[in-house]
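Engineer: Below is a structure I'd like to ask you about.
The values are calculated or read from the model by the stated rules, or taken from the named source; none is laboratory data. Please read these numbers as outputs of a predicted model, since none were measured by experiment. Reconstructed Cβ throughout: ideal geometry from the backbone, glycine too, with neighbour counts over all protein chains shown. The accessibility values were calculated without ligands, DNA or RNA, using every heavy atom of the protein model including side chains. Shrake-Rupley method; radii C 1.70, N 1.55, O 1.52, S 1.80 Å.
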Amino acid sequence: MTKKMVQVKNTVVGGSDYTRFITIAPSSAEEMKCQMKEAAALGEAGIEIKVGNLTNIGDALTVLKECKDDMAGQAVILNLDTTGYDAAASDDEKLQAAEEAAKAGSVDIIGAEAFASETYVAAMKKITVEGGVKLMLSYINFDGIAAEDEIIHTAKAAQTKGADMIYLAYMAKDDPDVIVLGYAAKKIAADNLVSVPTCVFPMGEVGFQTRILSERCGNNFGFYHLAEPEDGLFESYAQYRAMYEIYGGCKKIQSKVQFNMGEKHIMGGERFIRCFMLKERTKDDILEAARNVARYNPEMVEWRVDYCLPMDNSKFTEDYWKNALKEIKEILPDVPMLMTFRVKKEGGKTWYPDALRLKMACALVSTGLVEYCDCEIDNDIDYINTLKDACVKSNTKFVVSQHKWTETPGNEEIAATFRECVEKGADLPKFYLMATNYDDAVRTSVVTKKLREEELDMPIIICAMGDTGLITRTLGGCMGADFEFIDVTGIKGGEEEDVRYVDQLAEIFGY
């Protein structure tokens with residue numbers, strides 16, 4: 001099956017280049033005029049006008065006639081699919097609007113619901129053929145995704161109804177949804193299952209990474225909103241563009257200072273290192289988890305000592321965990337370890353006195369078996385200096401960390417936190433933030449890249465937790481981070497990802 005390309009104005013949709021359209025959803029004629037001018041100035045392939053917010057579709061036709069000359073060279077899509085809107089327009093009114101727009105030559109593509117009545121879709125196809133414009137059929141599902149085969153079947157069904165372009169959008173509610181949609185889009189493209197340009201898009205915050213990297217999973221085109229919708233289903237074009245500039249090439253930024261810990265591990269180098277986590281409680285469970293991690297040929301592992309039981313101040317317990325450390329290293333030889341005894345307020349499993357934490361951390365570092373040791377930035381300065389001294393004596397790299405579990409602070413605070421980590425002796429500063437919206441993920445990415453390129457020479461750890469921050473965790477190397485935390489217990493999303501999920505994302509987007 002040969003892909004049919006769609007020529008609209010100066011743009012070829014379905015060709016070798018990915019096509020971006022700017023979406024506007026005006027609520028009045030005056031607003032539509034302003035938004036069309038603003039969207040046209042962005043220089044993308046064209047503008048999609050969604051009519052669902054307009055009381056009278058005729059207002060759109062009037063503005064299109066007035067602005068026709070302003071859109072020279074850029075395609076105009078009049079999208080009459082009002083799924084999700086409280087639109088009062090009837091099928092007859094939509095057909096009349098489509099016919100008038102096509103005859104006036106003010107639009108290049110008309111959009112309609114793929115699974116409206118057969119009579120309506122057939123009439124819409126007749127109008128577009130006679131008017132010399134293209135028909136985009138869409139299916140939008142706010143209830144959630146379907147199985148991969150069903151998504152593919154939906155695309156094929158839309159093609160049989162006469163679509164020149166196909167747009168499928170599904171509400172992605174969690175990370176597995178992203179995988180299903182990604183594989184569906186990739187299979188449609190790779191196996192050429194439909195012959196017209198197609199886009200399979202996730203709606204919602206968890207789909208942010210897919211929309212940024214849409215072309216890498218086989219989509220031919222995509223829609224990017226001039227302004228971020230209030231419902232949070234999509235980011236704004238400006239937010240998308242900022243993230244695309246950072247992540248679109250999927251290329252890691254290397255650190256000027258690099259730590260060579262063996263053939264598999266150059267911290268700050270070309271690879272965005274995967275750090276597998278050991279968070280079990282008992283020695284037997286920890287060793288079993290280490291054996292499980294070993295199956296994945298790990299580049300690095302973090303041992304969360306705050307999870308360990310028993311834990312007290314005795315010499316017996318200290319020796320018990322030093323011996324456990326030796327056994328872990330026997331299971332994972334030549335795998336650098338980050339040892340973390342996390343304080344409770346920074347996300348630790350259990351509260352322990354600072355004196356106990358410091359004593360145990362220093363004892364484990366003193367074995368010479370720990371390549372990296374984590375210390376929270378808010379610890380007492382004597383605590384920090386004592387642990388730093390122990391790290392220096394054992395040739396262990398010192399990680400100074402900060403966590404913000406509920407927010408992404410301002411840009412200056414992000415920069416100031418990294419500087420404070422360095423001032424307190426960090427070989428490797430770490431800052432974990434919580435992204436609560438698209439802008440948080442964008443700011444984290446932009447600020448980090450700027451710090452990496454202009455100020456921070458050593459390896460760094462940073463990411464934005466939360467749904468919109470997924471790409472900062474899976475492709476953090478593009479903004480300047482040097483490793484990500486990986487789990488093998490099936491955890492997906494939020495703080496760290498499961499290794500199988502990360503592998504699937506890499507396969508879908510080809511990085």
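Engineer: What nm distance separates the two modelled labels at ASP457 and ALA238, each placed 7 Å from Cα along Cα→Cβ?
Structural biologist: Placing both labels 7 Å beyond Cα along the Cβ direction yields 3.6 nm.
Engineer: Follow-up question, since we're still on this one. With contacts defined as alpha carbon pairs under 8 Å and 6 or more residues apart, what's the relative contact order of the chain in percent?
Structural biologist: 12 percent
Engineer: Starting from the 7 Å offset along Cα-to-Cβ, what nm value, one decimal, do you get for the label separation of LYS345 and LYS322?
Structural biologist: Label-label distance for LYS345 and LYS322, simple model: 3.1 nm.
Engineer: Now, a different point. Tally Lys/Arg at +1 and Asp/Glu at -1 over every other residue whose Cβ is under 10 Å from the Cβ of THR408; what's the total?
Structural biologist: Value of the local net charge: -2.
Engineer: Can you tell me the orientation of helix 148-160 relative to the chain, as the angle in degrees between its alpha-carbon axis and the longest Cα principal axis, to the nearest 10?
Structural biologist: Once rounded, the angle reads 20 degrees.
Engineer: State the Cα centre-to-centre distance between segment 289-329 and segment 341-398 in whole Å.
Structural biologist: 15 Å
Engineer: So what are the ³J(HN,Hα) numbers for segment 335-352, from phi and the Karplus equation (6.51, -1.76, 1.60; θ = phi - 60°), rounded to whole Hz, Gly and Pro as x?
Structural biologist: 9, x, 10, 9, 9, 10, 10, 6, 6, 4, 5, 9, x, x, 5, 9, 6, 9
Engineer: What's the magnitude of the charge dipole for segment 425-511 around its Cα centre, counting Lys and Arg as +1 and Asp and Glu as -1 at the beta-carbon? Answer in Debye, nearest 20. Provide the component values of the computation, followed by the final result.
Structural biologist: Values: 8 positive and 17 negative charges, 32 e Å.
It comes to approximately 160 debye.
Engineer: Please report, to one decimal in angstroms, the Kirkwood hydrodynamic radius of the chain built from all distinct Cα-Cα pairs.
Structural biologist: Hydrodynamic radius (Kirkwood, Cα only) of the chain equals 25.0 Å.
Engineer: Residue by residue through segment 3-11, which ³J(HN,Hα) values in whole Hz follow from phi under the Karplus form 6.51 cos²θ - 1.76 cosθ + 1.60 (θ = phi - 60°), with glycine and proline marked x?
Structural biologist: Each residue of segment 3-11 in turn: 5, 8, 8, 10, 8, 10, 6, 8, 10 Hz.
Engineer: Here is a further query. With +1 assigned to the C-beta of every Lys and Arg and -1 to the C-beta of every Asp and Glu, and no other charges, what is the dipole magnitude of segment 269-395 about the Cα centre in debye, to the nearest 20?
Structural biologist: Using only the charged Cβ atoms, the result is roughly 200 debye.
Engineer: Classify segment 1-150 as rounded, prolate or oblate from the Cα gyration tensor: take a ≥ b ≥ c as the square roots of its eigenvalues, call it rounded if a/c is under 1.5, otherwise prolate when a/b beats b/c and oblate if not.
Structural biologist: Taking the square roots of the gyration eigenvalues as a ≥ b ≥ c, segment 1-150 is rounded.
Engineer: On a full-extension model of 0.36 nm per residue, what is the gain between MET5 and LEU356, subtracting their alpha-carbon distance, rounded to one decimal in nm?
Structural biologist: Full extension of this stretch gives 119.6 nm more.
Engineer: If you don't mind, another one. How much length is gained on full extension from TYR18 to VAL257, taking 0.36 nm per residue of separation minus their Cα-Cα distance?
Structural biologist: The TYR18-VAL257 span can extend by a further 82.4 nm.
Engineer: Compute the separation of the alpha-carbon centres of segment 1-40 and segment 78-124 and state it in Å as a whole number.
Structural biologist: Each part's Cα centre sits 17 Å from the other's.
Engineer: With the dipole of the chain worked out from charges on the C-beta (+1 for Lys and Arg, -1 for Asp and Glu) around the Cα centre, which of VAL422, THR408, GLY262 lies farthest toward the positive end?
Structural biologist: GLY262
Engineer: Would you please give the FRET efficiency between ASN313 and GLU423, computed as 1/(1 + (r/R0)^6) with r the Cβ-Cβ distance and R0 = 35 Å, to the nearest 0.05?
Structural biologist: 0.70
Engineer: Across segment 238-333, how many lysine pairs, 8 or more positions apart or on different chains, have C-alpha atoms separated by under 27 Å? Please give the number.
Structural biologist: 18
Engineer: Please report the carbon-and-sulfur percent of the accessible area for the chain; probe 1.4 Å, protein heavy atoms only, DNA, RNA and ligands left out. Could you put the intermediate results ahead of the total?
Structural biologist: On the way: 9490 of 20050 Å².
Exposed carbon and sulfur together represent 47 percent of the surface.
Engineer: Determine the sum of side-chain charges near GLY262: Lys and Arg each +1, Asp and Glu each -1, restricted to other residues whose C-beta is under 10 angstrom from that of GLY262.
Structural biologist: Summing Lys and Arg as +1 and Asp and Glu as -1 gives -3.
Engineer: Kindly report the accessible area of the chain per residue (heavy atoms of protein chains, probe 1.4 Å, no ligands, DNA or RNA), in Å².
Structural biologist: Value returned for the chain: 39 Å² of accessible area per residue.
Engineer: Just to be sure I understand the model, the point goes 7 Å from the Cα along the line to the Cβ. What's the resulting LEU369 to ASP143 distance in nm?
Structural biologist: It is 5.5 nm.
Engineer: Once amide H atoms are placed 1.01 Å from N in the peptide plane, what residues at a sequence separation of 5 or more from PHE234, or on another chain, have their amide H within under 5 Å of its amide H?
Structural biologist: Hits under the 5 Å cutoff: GLY204.
Engineer: For a 19 Å ceiling on Cα separation, which of these pairs sit above it: LYS3/LYS156; LYS161/LYS186; LYS156/LYS186; LYS397/LYS424; LYS345/LYS430?
Structural biologist: Those over the limit are LYS161/LYS186.
Engineer: Here's a follow-up. Got the relative contact order for segment 161-290 handy, in percent, Cα pairs under 8 Å and 6 or more residues apart?
Structural biologist: Once divided by the residue count of segment 161-290, the mean separation gives 16 percent.
Engineer: Can you give the charge dipole size of segment 1-151 about its Cα centre, rounded to the nearest 20 debye, using +1 on the beta carbon of Lys and Arg and -1 on the beta carbon of Asp and Glu?
Structural biologist: The calculated dipole for segment 1-151 is roughly 640 debye.
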